[in-house]
Amino acid sequence: EIIANKINYNEDKSLFSAYGNVVIKDLLNSIVIKSQNITFNIKNNTIVSEKKTTIDDNLGNYFSSKSLLYKINDKLIKIENANLIDFQNNKYQIEKAFIDLKLNRLIGKDISINFNNMVFQKKNEPRIKGNSIVYNKNTTVINKGIFTTCKKTDECPPWQFLAEEIKHDKVKKTINYNNAWLKIYDKPVFYFPKFFHPD
């Protein structure tokens, strides 16, 4: 279902172009896409937007992206320079990502997460940065990640965990590490093959 201020249809190219306050409701996959301009290619069954685009999914996640490519047959959405606010109000920044609607997961690269600071002291700013992410409703897995709760400054944080893999279990509310180092002021101090703590 497509709603817009203006819609043009090019019959030769099988293209719908929608302009102004565009709202696309994908009723099969329970997502809502909003943008100012979109192009819907009927032959390829793709939706493209080169403008800022937002997506609301059925898991309570909200995405905003610089651009969007939605391959409807593959149930795959490509987004770039994206922000995600998840159902727990954690905030993600992702350079490039794919949203897989079949498996209800996101796969991306160059990720930073600012956790909703509900349990830490107000001066803490819990966050993770990493090379890649696999995200779904129950877990978030970060490869080659760094975790700290220290307040953001221009200098290195007083402490941080570096790990080959960081897994946030949203059901158990724990953060698990594989092959982790505890660094104090940028100096490796302790090595942990396995480690976990509450989120």
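Rounded to a whole number, what % of the accessible area of the chain do carbon and sulfur atoms account for, probe 1.4 Å?
51 percent
Please grab the % of Cα pairs in the chain that end up more than 24 Å from each other.
46 percent
What is the spread of the Cα atoms of the stretch 48-128 along each of their three principal axes, largest first, in whole Å?
46, 22, 18
Need one number for the stretch 105-199: average projected area of the convex hull over its C-alpha atoms, nm².
With the hull built on Cα positions only, its mean projection is 5.9 nm².
Apply the Karplus parameterisation 6.51 cos²θ - 1.76 cosθ + 1.60, with θ equal to phi minus 60°, to every residue of the stretch 60-71 and state each ³J(HN,Hα) to the nearest whole Hz, in sequence, with x for glycine and proline.
Computed from phi, the couplings for the stretch 60-71 are x, 8, 10, 10, 10, 9, 5, 8, 8, 10, 10, 8 Hz.
Could you give the size of the charge dipole of the stretch 85-199 about its Cα centre, using +1 on the Cβ of each K and R and -1 on the Cβ of each D and E, expressed in debye and rounded to the nearest 20?
Result for the stretch 85-199 is approximately 260 debye, rounded to the nearest 20.
Compute the accessible area per residue over the chain, keeping the other protein chains in place, probe 1.4 Å, unit Å².
Result: 59 Å² of accessible area for each residue.
If you find the alpha carbon centre of the stretch 64-110 and of the stretch 1-19, how far apart are they in angstrom?
The stretch 64-110 and the stretch 1-19 have Cα centres separated by 24 Å.
List the trypsin sites (Lys or Arg not before Pro) within the stretch 1-78 that DSSP assigns to loop and that have no more than 12 neighbouring Cβ atoms inside 10 Å.
Passing sites in the stretch 1-78 are Lys13, Lys43.
Just by accessible area at a 1.4 angstrom probe, what is the order of Leu28, Leu162 from largest to smallest?
The ranking, largest first, comes out as Leu28, Leu162.
Averaged over every viewing direction, what's the projected area of the C-alpha convex hull for the stretch 1-79? Give it in nm², one decimal, please.
Quarter of the Cα hull surface area: 4.8 nm².
If you filter the stretch 50-144 for chymotrypsin sites (Phe, Trp or Tyr not before Pro), then keep DSSP loop positions with at most 13 other Cβ within 10 Å, what is left?
Sites meeting the loop and neighbour criteria: Phe87, Phe120.
Which value, in Å² and to the nearest 10, is the accessible area of Ile184 when all protein chains are kept and the probe is 1.4 Å?
Taking all protein chains as shown, Ile184 has close to 70 Å².
Anything over 18 Å Cα to Cα? Flag those among Lys109/Lys194; Lys129/Lys151; Lys34/Lys71, in the order listed.
The pairs that break the limit, which is 18 Å between Cα atoms, are Lys109/Lys194.
Can you pull out the trypsin sites (Lys or Arg not before Pro) in the stretch 124-199 whose DSSP state is coil and whose Cβ has at most 13 other Cβ atoms within 10 Å?
Those that pass, being in a loop and sparsely packed, are Lys151, Lys152, Lys172, Lys173.
The values are calculated or read from the model by the stated rules, or taken from the named source; none is laboratory data. Fair warning: this is a prediction, and the values are worked out from it, not measured in the lab. All Cβ positions, glycine included, derive from the backbone under ideal geometry; neighbour counts span all protein chains shown. These area figures cover heavy atoms from the full protein model, side chains too; ligands, DNA and RNA do not enter into them. Shrake-Rupley method; radii C 1.70, N 1.55, O 1.52, S 1.80 Å.
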